[in-house]
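Novice: Structure in structure tokens, see below.
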Amino acid sequence: MKSYPLYDHPLLRASARIIDDGRISVDARGLLKTMPGVKDSLEMIDGRYPALAGEKLYISTWIPPIPSIAFDRLVESRIKGVLGRRTPDQVTISITEECPNRCIHCALPNSGNKLRLEPDVVKDVISQILDMGTTLVIFDGGEPTTYRELPDIVASVDDRAISTMFTSGAGFTEPLAAKMKEAGLYAVNISLDSARPEEHDAMRGRFGVFQDAMNAVKNALFAGLMVDIYVVIRSGNFSQINEFHDLARRCKAHELTFFEVVPVGRWSGKKDVILRPEDHAALHSFATGSLAPRIFSVPDALHRFGCFAGRNWMHITPCGDVYPCACLPEVCGNIFNEPLAVIWRNMAHLPYKGSKICPMRRD
């Protein structure tokens, strides 16, 4: 039975294997295995289904494959994090605000100014963040498929990190999917607000966007890309979690991600849409007890690790402003005024790092 090395150090030796029912079994030894952060990270893997397993282990569409240079860098940064050193493991870059949809819950409504980051600017950002230790570069918008130079900027992410992109599915054609795979894209996060076509289209403000999403899944899989169905879960669609999982299974997605809605952007101030404590408990039970495909629950990760904003996550807007995260519109600097390393260093004072409650969901 194949074993996948997770970490090899006198203070922590950890490996993973796939057992008979298809789940991951983790073997960890050493003093670090019981430390907060390390223990939780191992528990988020052990007993869960992988996104994919073969010559390499793909724990998740959010994590580099094992073995890989990017995964080794991620583990090192997490160990350093336990010791108090911050690394922007995950950076989202909103390359454009252009989008064919008009989502009623959009966190980045179109300003009407056709804002976009030029390719040379994006490449410079990528160079900076890779030098800072980033292991996951996410391209979003707007709708990234409207950005004609998308394959070119994806190709600038080297083997120190993996790259993914968010899409509604609009414009993610079979030829584009092939180009993205060739450019080195790791995974595609395809957004769904409802498992029911009419309801999803209504949320997105455009007829046919549900079918666009389903076509994008098919095109991504045909190109050999990893596929994550990304659901912004809220009070209005929480009852559909079984439907979302069944849909992900039927369309052969590698993973289903649940992210709790944040009352920001067009839904700023709508606290009634966030989940109740009993919903969180039900979601945790569902995520840990369901069969494949793998479920990644962001609310569960928040409960375990606390807020990642400014601690492991950084977001860049189409005008170059830098936020601690995509859902926390607090400008900490601008890429056109100072290096990202300086902006990241200045985020160290933020008061909510590690908070078990999202600062945008507080009463």
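The values are calculated or read from the model by the stated rules, or taken from the named source; none is laboratory data. Here the structure is a predicted model, which means the values were calculated and not measured. Cβ atoms come from the backbone with ideal geometry, glycine included; neighbour counts cover every protein chain shown. Calculation scope for accessible area: heavy atoms of the full protein, side chains included, ligands and nucleic acids excluded. Shrake-Rupley method; radii C 1.70, N 1.55, O 1.52, S 1.80 Å.
Novice: Could you tell me the distance between the Cα centroids of segment 1-52 and segment 113-192, to the nearest Å?
Specialist: 30 Å
Novice: Right, another one. Using a probe radius of 1.4 Å on heavy atoms only, what accessible surface per residue do you get for segment 216-354? Whole Å² is fine.
Specialist: Heavy-atom accessible area per residue stands at 39 Å².
Novice: If R0 is 35 Å, what FRET efficiency do you get for R249 and N337 from their C-beta distance, rounded to 0.05?
Specialist: 0.15
Novice: Moving on to the next point. Ranked highest first by the average count of other Cβ atoms within 10 Å around their residues, in what order do 17-26, 181-190, 328-337, 116-125 fall?
Specialist: Peptide ranking by packing, descending: 181-190, 116-125, 328-337, 17-26.
Novice: Share of the chain's accessible area from carbon and sulfur, percent, 1.4 Å?
Specialist: Ligands and nucleic acids excluded, carbon and sulfur give 54 percent.
Novice: What is the calculated FRET efficiency for A348 to D20, with r their C-beta to C-beta distance and R₀ = 56 Å, to the nearest 0.05?
Specialist: My answer for the efficiency is 0.75.
Novice: Leaving out same-chain residues fewer than 8 places away, which lysines sit with a Cα under 26 Å from that of K218?
Specialist: K218 reaches K56, K179, K181, K252.
Novice: Turning to a different aspect of this structure: At a Cα cut-off below 26 Å, give the lysines reachable from K356, other chains included and same-chain residues fewer than 8 away excluded.
Specialist: Straight-distance partners of K356: K33, K39, K80, K270, K271.
Novice: Can you tell me the relative contact order of the chain? Whole percent, Cα pairs under 8 Å, sequence separation 6 or more.
Specialist: About 15 percent, as a whole number.
Novice: Which of these, L32, L221, L256, has the largest mean-square fluctuation under a Gaussian network model of the chain (Cα springs below 10 Å)?
Specialist: L32
Novice: For the chain, what is the charge dipole size about the Cα centre, in debye to the nearest 20, if Lys and Arg each add +1 at the Cβ and Asp and Glu each add -1 at the Cβ?
Specialist: I would put it at about 760 debye.
Novice: Take every Cα pair under 8 Å in segment 238-353 that's 6+ residues apart, average their separations, divide by the length, and report that relative contact order as a whole percent.
Specialist: 20 percent
Novice: Near the amide H of E330, under 5 Å away, which other amide H atoms are found, from residues 5 or more places off or on another chain, if H is placed in the peptide plane?
Specialist: Under 5 Å from the amide H of E330: C325.
Novice: Also, quick follow-up: In whole Å, what three semi-axes, largest first, describe the equivalent ellipsoid of segment 189-262 built from its Cα gyration tensor (square root of 5 times each eigenvalue)?
Specialist: Computed over segment 189-262, the values are 19, 14, 10 Å.
Novice: What ratio of Cα Rg to 2.2 N^0.38 Å holds for the chain?
Specialist: Normalised by 2.2 N^0.38 Å, the Cα Rg of the chain equals 0.93.
Novice: Among 339-352, 193-206, what's the highest-first ranking by average C-beta atoms within 10 angstrom per residue?
Specialist: Top to bottom by mean Cβ count within 10 Å: 193-206, 339-352.
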